[in-house]
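Here is the structure we will look at.
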């Protein structure tokens, strides 16, 4: 992400690395929220899925920013992973994360149903935490 892009988007003008750290800090908040949403009697899967998608989206954007890339306005996790691939990153271990894209918009306004076919919450939480930890290591 270029310096100019930050300024054009109405954000403070900051370095790519500072922007990456800011995005990752926001992703950590969503990840922390996920840890508190494991109880299916309290939190619908759509709410859990939304925060999982948000944590992944912000983490992928942090990764792209850290590499000096740009990502535009998107919630599409597949597109963000493609951007990373175009930047020369092997992100194959996170290839299942685009499945969460549907929670960005669609399931915010619709019901996923009791048997939505998505993995168990603990499995999703583990995969999102793995991604966040991976980017934390890159940024440290």
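Read-outs throughout are calculated quantities, based only on the coordinates presented, and are distinct from any laboratory measurement. What you are looking at is a predicted structure, and each value in this text was computed from that prediction instead of being measured. When we count neighbours, we look across all protein chains shown, and the Cβ atoms used for this are built from the backbone with ideal geometry, even at glycine.
Can you compute the modelled spin-label distance between residue 123 and residue 15, with each label point 7 Å from Cα toward Cβ, in nm?
4.1
At a threshold of 8 angstrom on Cα-Cα distance, excluding pairs fewer than six apart, so keeping six or more, what relative contact order does the range 16-140 reach in percent?
Over the range 16-140, the number comes to 35 percent.
Exposure proxy check: 23, 37 ranked by fewest other beta carbons within 10 Å?
Fewest-to-most Cβ neighbours within 10 Å comes out as 37, 23.
Order by neighbour count: 90, 41, 82, fewest other Cβ atoms within 10 Å first, most last.
Numbers: 90 8, 41 5, 82 13.
Listing 90, 41, 82 from fewest to most nearby Cβ atoms yields 41, 90, 82.
When 42, 64 are ordered from fewest to most other Cβ atoms inside 10 Å of their Cβ, what list results?
The order, fewest Cβ neighbours first, is 42, 64.
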